[in-house]
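J.: The following block contains the structure, expressed as structure tokens.
The values are calculated or read from the model by the stated rules, or taken from the named source; none is laboratory data. Just so it is clear, the model here is predicted, and its values are computed rather than measured. So basically every Cβ, Gly included, is an ideal-geometry build from the backbone, and we count neighbours across all protein chains shown. Each accessible area value is taken on the protein alone, full model and side chains, heavy atoms only, with ligands, DNA and RNA left out. Shrake-Rupley method; radii C 1.70, N 1.55, O 1.52, S 1.80 Å.
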Amino acid sequence: MPTKKQASVLLIYTGGTIGMMQDARSGELKPFDFNTLKNQIPELAKFDIELSSIAFEQPIDSSNMQPKVWSQIATIIETHYHKHDGFVVLHGSDTMSYTASALSFMLENLAKPVVLTGSQLPIGMIRTDGKENLITAIEIAGTLKKGKPIVAEVCIYFEYKLYRGNRTFKYNSAHFDAFKSPNYPALAEAGVDIQYNFTYLLKPSSKRLKVHTVLNDNIAVLRLFPGLNEATVNAVLNTPQVRAVIIETFGAGNATTEVWFLNQLRQAIKRGVVLLNVTQCLEGSVIQGMYETSTALKKMGVISAKDMTFESAVTKLMFLLGQNQTPANIKKNLEKNLRGEMSVLPHDL
Ligand code: ASP
């Protein structure tokens, strides 16, 4: 009888609370090295999964995350892609949704799982959530069905739930259950068994993995609020080098209809700046034209981010701008669902 193939998982340690320790003098949480982390989890040695690891020499608090580090992580995955069945990225929870979203765009034609996880309490603490998160993330990354991985996308595993990474945001800094994915169901839930929601998983690509490491950070954000003044809008839209501005709007993508405001947006579009409408609501979608307060935006060419998260909108723009595409192509791709980051709703058809 042929023996079952043992899955192989690569663990990439970038930092985060999971691997932090309290500084004896200041009481601050600071990252420690990966070997200390491994020693804290003797269970790792018991896995029926071949586990390899790569650790950042200088682990970081994820609030220090930068696009160049996303490129580093994507390159590690590319270099080791053929040797492993799955990847687990240990990462701080603060910007984990940004990293997961960025990686989802950077890793085109993925056919293997890339599971990000971390914890709210350091691994050395008795009540840590880090052990369960890490152990189950490795199990998910190393689960094969007929020799093939079940999951073929960039995900976040946290507190018993597996989510599509580019649908998540961190919503709670105090609870173990730190992430939400309001516009897309969980991909799996871990209880006694790991129950996969097969209908919601992306299909593995049969094409060769293509890794995009060039990102362009010339973007700005304009968050609307009643009383936002002309000088601020002018400053944001005219930020030197800016190529795209995310406008964080109200409700279903609505904004003030003040003439000065709409004129500023029109002028920005004329200068070739891409304007992307993302709602401040955490659930639901932008529907430009549903209210009078969004009709002018639609007419002048503001692009609807539909139900994309802010994190996805930021990283999708960095990714598309990094490709040196024409504004028309950027617009086309922004409106297109590239990696499961947006829903195709009836009013879009
Ligand atoms: N500040 C930490 C980080 O994001 C928080 C965490 O890991 O949960 O790196």
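J.: So in region 98-121, with the set limited to residues that are more than 16 Å from the ligand (Cβ to nearest atom) and in contact with an Asp or Glu (Cβ under 9 Å, 6 or more places away or on another chain), which one is farthest from GLU50 (Cα to Cα)?
T.: Per the criteria, the residue is PHE105.
J.: Let me ask another. What residue, of THR79, THR95, is under 30 Å from ILE219 (Cα atoms) and within 16 Å of the ligand (Cβ to nearest atom)?
T.: THR95
J.: While we're looking at this one, here's another question. Take MET318 and decide whether it is free of Cβ contacts under 8 Å to residues at least 40 places away in the same chain, surrounded by 19 or more Cβ atoms within 10 Å (Cβ to Cβ) and of a type outside the set (Gly, Ala, Ser).
T.: no
J.: Still on this structure, I have one more. Kindly state which strands (runs of 3 or more DSSP E) lie completely within region 3-54 and contain at least 2 residues that are of a type outside the set (Asp, Glu), open to solvent by less than 90 Å² (accessible area, probe 1.4 Å) and under 16 Å from GLU139 (Cβ atoms).
T.: The qualifying strands (runs of 3 or more DSSP E) are 8-15.
J.: Is at least one residue of region 164-186 open to solvent by 10 Å² or more (accessible area, probe 1.4 Å), among the small types (Gly, Ala, Ser), closer than 23 Å to LEU282 by Cβ and away from the ligand (no atom under 16 Å from the Cβ)?
T.: yes
J.: With the condition kept exactly as written, say whether any residue in region 233-242 is under 22 Å from MET308 (Cβ atoms) and either in a strand (DSSP E or B) or in contact (Cβ under 8 Å) with a residue 24 or more places away in the chain (or both).
T.: So far as region 233-242 goes, yes, one or more of its residues are under 22 Å from MET308 (Cβ atoms) and either in a strand (DSSP E or B) or in contact (Cβ under 8 Å) with a residue 24 or more places away in the chain (or both).
J.: What single numbered condition from (1) touching a Pro at 6+ places or on another chain (Cβ under 8 Å); (2) among the β-branched types (Val, Ile, Thr); (3) farther than 18 Å from LEU116 by Cβ fails to hold for THR17?
T.: The number of the failed condition is (3).
J.: Please enumerate the residues belonging to region 12-32 that are closer than 16 Å to LEU134 by Cβ and away from the ligand (no atom under 11 Å from the Cβ).
T.: ILE12, TYR13, PHE32
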